[in-house]
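Below is one structure, written out as structure tokens; comments come after it.
The values are calculated or read from the model by the stated rules, or taken from the named source; none is laboratory data. Quick caveat: nothing in here was measured; it's all calculated off a predicted structure. Virtual Cβ from ideal backbone geometry, glycine too; neighbours counted across all protein chains shown.
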Amino acid sequence: MSIHKTEALVLKTLPFRSSSLIVTFFTPQLGKVRGVVKGVHREGEIRQAGFELFTHAEYIFYEKKRSDLHLISEASILESHHALRDRLEGIAYASYFCELVDELTEVQDPHPRIFDLLKDSFHFLPVIPPPRLETVFVTQLLREMGWLPFLESCLECGAKPLEKGFFSIRHGALICHRCRAQDTAALSLGSGALSVLRSYGRNSLADCLRQFQSSQIENQVKTLITAFLNYRLGKVLKTRKFLDSIRSVLSCANS
Ligand SMILES: [Zn+2]
């Protein structure tokens, strides 16, 4: 067994036997890691705190060679992110971000930029309107997975520059009005939404969140990117359904 010491963010926890926990966390250099923490419920709140959802901590774990379920021994908290767990909205969005990362990545497949994206998103979540953060997060997660929609020219005829057109969810690409017949289900993409989508795919999370756009454009971008994500996933995630189910409660609380 080799020993690893790494910072990570907790994506998911699951009770295991009477006092243990299976924890999935995301590290910068090793990607997603799963492990068992033994006896965690016997050892008090301080020890348990290191394995709470969304916690950013430094972990020591023993890598098992014949299993992808390793043995986690210690956690030293760097940031507890309790502000995310204190509010329903924080829990709902942070859980959705975590489930997306868990769903899209394989165990021990390094994606340091996804680690940074998730860590930065946890910082922005209490201070930026979460639906806005979600759109940028999803676009940039797709970028890191190599799934960013192709928006530079028409996929069918190569026409460019295109300032507006149609977004083919099936192809994850822009098509021009002349090629629309190739995918009649393609959604109209106006110049404002197209330029925002391009910008979200190119710039840093912080730069994207500083941009201002109308709520109409923001909603259009969100609809397109969510539809594309769900198409690529082939399903709607549990945390997404939860988020949708509490949307009316959240909008009343925010108004
Ligand atoms: Zn075309």
Handout entry: Residue, farthest from the ligand (Cβ to nearest atom), within the range 121-138, restricted to residues that are part of a helix (DSSP H, G or I) and over 11 Å from the mean Cα position of the chain (by Cα)
Key = HIS123
Handout entry: Sole exception among (1) within 19 Å of TRP147 (Cα to Cα); (2) within 16 Å of the ligand (Cβ to nearest atom); (3) hydroxyl-bearing (Ser, Thr, Tyr) for TYR231, by number
Key = (2)
Exercise for the section: Search the range 48-67 for residues being part of a loop (DSSP other than H, G, I, E, B) and surrounded by 14 or more Cβ atoms within 10 Å (Cβ to Cβ), and hand back the single one that is nearest to the chain's Cα centre (by Cα). Expected result: PHE54
Problem - Candidate set: the range 68-78, residues that are assigned to a strand (DSSP E or B) and of a type outside the set (A, V, I, L, M, F, W, C); chosen: the one surrounded by the fewest Cβ atoms within 10 Å (Cβ to Cβ) - result: SER76
Handout entry: Residues within the range 14-47 that are part of a strand (DSSP E or B) and in contact (Cβ under 8 Å) with a residue 60 or more places away in the chain, tallied
Key = 7
Fill in the blank from the handout: Exactly one of LEU118, LEU189, LEU197 is closer than 21 Å to PRO28 by Cβ, out of contact with any Asp or Glu (no Cβ under 6 Å at 6 or more places or on another chain) and not aromatic (Phe, Trp, Tyr), and that one is LEU118
Exercise for the section: Take the range 192-243 and flag every residue that is within 23 Å of GLU89 (Cβ to Cβ), more than 16 Å from the chain's Cα centre (by Cα) and among the charged types (D, E, K, R). Expected result: ARG210, GLU218
Problem - Filter result (modelled with pLDDT of 95 or more, more than 13 Å from the ligand (Cβ to nearest atom) and either in contact with a His (Cβ under 7 Å, 6 or more places away or on another chain) or more than 26 Å from LEU100 (Cβ to Cβ) (or both)) within the range 139-163 - result: GLU144
Exercise for the section: Would you check which residues across the range 89-121 are over 18 Å from LYS238 (Cα atoms), of a type outside the set (Asp, Glu), touching a helix residue (DSSP H, G or I) at 6+ places or on another chain (Cβ under 6 Å) and surrounded by fewer than 22 Cβ atoms within 10 Å (Cβ to Cβ) and list them? Expected result: ARG113, LEU117
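So, of the residues in the range 230-255 that are within 20 Å of LEU117 (Cβ to Cβ) and out of contact with any Ser or Thr (no Cβ under 9 Å at 6 or more places or on another chain), which turns out to be surrounded by the most Cβ atoms within 10 Å (Cβ to Cβ)? Spell out how you get there, then give the answer.
Step one: list which residues in the range 230-255 are within 20 Å of LEU117 (Cβ to Cβ), which gives 230, 232-233, 237, 239-240, 243.
Of the ones still in play, those that are also out of contact with any Ser or Thr (no Cβ under 9 Å at 6 or more places or on another chain) are 230, 232-233, 237.
On the way: ASN230: 14, ARG232: 13, LEU233: 13, LEU237: 17.
Looking at the filtered set, the residue picked out is LEU237.
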Problem - Output for the range 123-140, where each listed residue is under 14 Å from HIS82 (Cα atoms) and surrounded by 22 or more Cβ atoms within 10 Å (Cβ to Cβ) - result: LEU125
